[in-house]
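The values are calculated or read from the model by the stated rules, or taken from the named source; none is laboratory data. The shown structure was predicted, so the numbers you read here are calculated from the model rather than taken from an experiment. For neighbour counting, all protein chains shown are included, and Cβ atoms are generated from backbone atoms with ideal geometry for every residue, glycine included.
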Amino acid sequence: MLLDALTDKEKEMVMATGAIREYSEGDLILREGDASTSLFMIIEGAVQVRKGLDQDRYKQLKDLMAGDFFGEMSFLTSTPRSADVLSVQDCRILEIPRDEFLALARKHPSIGMNVYRNIAEELATRLRRNNDDLKRAILWALEEMIS
């Protein structure tokens, strides 16, 4: 997904910019509000992305598994993390630091273009899904007001 359209050599170059991290089931990988800017690609295992609602509650946003990536919003914009990411299985995850990837993309623009395009396509898919969810929520609220 993240590395689609890259040659094997280009994939190796991207992977060389980062480090593989291991997490146990239940580990908090990212905390909402943190200032880190790395991008993460799941090699093995599964994670859950969740948004804090208040001190004791959260909304599960997405389950991700091998091949999926997360952390793209902070990676792209250098803004604080927008959600927590929790490992729900033992995981091996590639962490790609923003600055190292930018240096690679400057030297190899086609790698940068392909990776950024893959991130954009995933963000567009998530936006469409969120729009559909919002539409359903509005329709539900309107029906509740009428009945």
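Take region 13-32 and flag every residue that is within 22 Å of Val88 (Cα to Cα), over 16 Å from the mean Cα position of the chain (by Cα) and assigned to a loop (DSSP other than H, G, I, E, B).
Within region 13-32, Ser24, Glu25, Gly26, Asp27 meet the criteria.
Exactly one condition in (1) surrounded by 15 or more Cβ atoms within 10 Å (Cβ to Cβ); (2) of a type in the set (Lys, Arg); (3) in a strand (DSSP E or B) is false for Arg81; which is it?
Only one criterion is unmet by Arg81, namely (3).
Name the one entry in Ser82, Ser36 that is modelled with pLDDT under 95, within 28 Å of Asp132 (Cβ to Cβ), polar (S, T, N, Q) and in contact with a helix residue (DSSP H, G or I) (Cβ under 7 Å, 6 or more places away or on another chain).
The conditions single out Ser82.
Of everything in region 1-47 that's polar (S, T, N, Q) and surrounded by fewer than 18 Cβ atoms within 10 Å (Cβ to Cβ), which residue is farthest from Thr125 (Cα to Cα)?
Among them, the one singled out is Ser24.
Looking at (1) touching a residue at least 40 places away in the same chain (Cβ under 8 Å); (2) more than 12 Å from the chain's Cα centre (by Cα); (3) loosely packed, with under 14 Cβ neighbours inside 10 Å, can you tell me which one Lys59 breaks?
(1)
Any residue in region 116-124 that is more than 17 Å from Arg21 (Cα to Cα) and β-branched (Val, Ile, Thr)?
Yes.
Any idea which of (1) surrounded by 14 or more Cβ atoms within 10 Å (Cβ to Cβ); (2) not in a helix (DSSP H, G or I) is the one Gly67 doesn't satisfy?
Going through the list (1) surrounded by 14 or more Cβ atoms within 10 Å (Cβ to Cβ); (2) not in a helix (DSSP H, G or I), Gly67 breaks only (1).
Here are Leu64, Leu39, Leu2: which of them is in contact (Cβ under 8 Å) with a residue 60 or more places away in the chain and out of contact with any Asp or Glu (no Cβ under 7 Å at 6 or more places or on another chain)?
Sole residue among the options that is in contact (Cβ under 8 Å) with a residue 60 or more places away in the chain and out of contact with any Asp or Glu (no Cβ under 7 Å at 6 or more places or on another chain): Leu2.
Say whether the condition of being in a strand (DSSP E or B) and either in contact with a strand residue (DSSP E or B) (Cβ under 8 Å, 6 or more places away or on another chain) or of a type in the set (D, E, K, R) (or both) is met by at least one residue in region 113-122.
no
Would you confirm whether or not region 85-93 contains a residue that is small (Gly, Ala, Ser) and either crowded, with 16+ Cβ neighbours inside 10 Å or in contact with a Leu (Cβ under 7 Å, 6 or more places away or on another chain) (or both)?
yes
Do you know which of the residues in region 104-133 that are free of Cβ contacts under 8 Å to residues at least 12 places away in the same chain and aliphatic (A, V, I, L, M) is surrounded by the most Cβ atoms within 10 Å (Cβ to Cβ)?
Ala105
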